[in-house]
Every structure is written in C-alpha cells, then in structure tokens.
Amino acid sequence: MSKKTLKGKVIRDKNDKTVIVLVKRKYSHPFFKKVITSSKKYHAHDEKNKFKIGDKVKIIESRPISKKKKWMVI
C-alpha cells in the first residue's frame, strides 16, 4: 500500500519542527455540477525548520509523530 502525498502551502511555521500546511481541493458537486473548493489544514513534521510561510510543499503520510502530526514534509 502506497502512502498518500498532498501538495499545499505553508501557512504557519511558529512551532519547533512543525509546519501547518493548507491543502485545497477542487471537485464537482454530484448534483449541482458546480466546482467546489474545499480546504483542510495538516500538521506536518519539518525536521530542520527549513520551510517558511508561503512555501509550496509536498507532504507524505507517515507514522504518528505526535497527537496531530501524521505527515512529513518532502
């Protein structure tokens, strides 16, 4: 089973070794046929504090690192 990868934008980098990534998805509504944009925030592990606000990043699923962190930045 392969791990999920998502693309998003860093919106917060204040915590040590953690960034919060906003991932936006577009999909067509099944009934209304309109394009809907949904977004979700993910806490991702950033070992070297390399990424800053505004950076486009790719995150991959990993083992649980803490209560909320289950993703790592590639």
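The values are calculated or read from the model by the stated rules, or taken from the named source; none is laboratory data. Please read these numbers as outputs of a predicted model, since none were measured by experiment. For neighbour counting, all protein chains shown are included, and Cβ atoms are generated from backbone atoms with ideal geometry for every residue, glycine included. Remember, those area values only see protein heavy atoms, side chains included, never the ligands or the DNA or RNA. Shrake-Rupley method; radii C 1.70, N 1.55, O 1.52, S 1.80 Å.
To keep it simple, each residue is scored yes or no on (1) of a type in the set (Val, Ile, Thr); (2) part of a strand (DSSP E or B).
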residue: 14; (1), (2): no, no
residue: 19; (1), (2): yes, yes
residue: 38; (1), (2): no, yes
residue: 43; (1), (2): no, yes
residue: 52; (1), (2): no, no
residue: 59; (1), (2): yes, yes
residue: 64; (1), (2): no, no
residue: 68; (1), (2): no, no
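Matching residues to (1) in contact with a helix residue (DSSP H, G or I) (Cβ under 9 Å, 6 or more places away or on another chain); (2) under 18 Å from residue 13 (Cα atoms); (3) exposed (fewer than 12 other Cβ atoms within 10 Å of the Cβ):
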{"site": "34", "(1), (2), (3)": "no, no, yes"}
{"site": "40", "(1), (2), (3)": "no, yes, yes"}
{"site": "63", "(1), (2), (3)": "no, no, yes"}
{"site": "71", "(1), (2), (3)": "no, yes, no"}
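If you go through the stretch 2-24 one residue at a time, do you hit one that is among the polar types (S, T, N, Q) and open to solvent by 80 Å² or more (accessible area, probe 1.4 Å)? Scanning the stretch 2-24 turns up at least one residue that is among the polar types (S, T, N, Q) and open to solvent by 80 Å² or more (accessible area, probe 1.4 Å).
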